[in-house]
Amino acid sequence: MSTRLPAAAALFETALGVCAIAWGGGRVIRFQLPESSPAATRTRITRRRAADTDALPEAEPTGAIAEAVAGVRAHLDGTLDDLRWIPVDLTGLPEFHRAVYDVTRAIGPGHTLSYGQVADRIGAPGAAQAVGQALGRNPIPLIIPCHRVLAADHALHGFSAPGGLVTKQRLLEIERTPGFGEPTLF
């Protein structure tokens, strides 16, 4: 995680359920898709680190963070937005992860890349598995849209966010990604 701890966190309702955001210095440091309950989402987002017993304080988002919350809500309601304008802080993350997140963040709604394509774009051909591992540790899902990265066969595999592959498929459906949520002939 980041060496600079978030200053606050907040839960907010979306079309997908209760999401959460943590920030510091006007930049998003963590984002949480809905857990099994709002209490579980709160526990996950307010935990500073696994070893800590004190919780991150909750606060009302203001400024850029309030705008980020509004943007996420609108996106999940179907008003598609690439969310690239939301300021994020990736301080303290490995360089490889930051490179993967930069490429992933450039994938627009309704589009996908394969793990191998992301590896190629960061200049690490053959590192598809390492890309998948980096995306599995993504602290800011949705804003860094790891759900838009698929297996080479366009299949859904491993999604570490709450709800797993069901959530990944739902996000792709919301974004009207071809091949997801469309009626089939058979």
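Of note:
- Test: residue in segment 6-26 that is at pLDDT below 90 and under 18 Å from the mean Cα position of the chain (by Cα): yes
- Among residues of segment 161-177, those that are at pLDDT 85 or above and assigned to a loop (DSSP other than H, G, I, E, B), counted: 3
- Close Cβ contacts (under 7 Å, 6 or more residues apart or on different chains) running from residues in segment 16-42 that are surrounded by fewer than 23 Cβ atoms within 10 Å (Cβ to Cβ) to residues that are of a type in the set (Val, Ile, Thr) and in a strand (DSSP E or B) comprise Arg27/Val88; Pro34/Val18; Pro38/Val18; Thr41/Val18.
- Exactly one residue out of Gly78, Gly110, Gly92 is closer than 15 Å to Val149 by Cβ and in contact (Cβ under 8 Å) with a residue 24 or more places away in the chain: that is Gly110.
- For segment 80-107, residues that are closer than 20 Å to Ile21 by Cα and part of a loop (DSSP other than H, G, I, E, B) total 13.
- Any chance Ile65 is under 30 Å from Asp153 (Cβ atoms) and of a type in the set (Val, Ile, Thr): no
- Residue list for segment 78-131, filter: among the hydroxyl-bearing types (Ser, Thr, Tyr) and surrounded by 15 or more Cβ atoms within 10 Å (Cβ to Cβ): Tyr101, Thr104, Thr112, Ser114, Tyr115
- When Gly132, Gly110 are checked against the criterion of being under 21 Å from Thr177 (Cα atoms), over 12 Å from the mean Cα position of the chain (by Cα) and not in a helix (DSSP H, G or I), a single residue qualifies: Gly110.
- On the stretch given as segment 121-149, residues that are among the charged types (D, E, K, R) and touching a strand residue (DSSP E or B) at 6+ places or on another chain (Cβ under 9 Å) total 2.
The values are calculated or read from the model by the stated rules, or taken from the named source; none is laboratory data. Source: prediction; values computed, not measured. With ideal geometry, Cβ positions are generated from the backbone for all residues, glycine too; neighbour counts draw on all protein chains shown.
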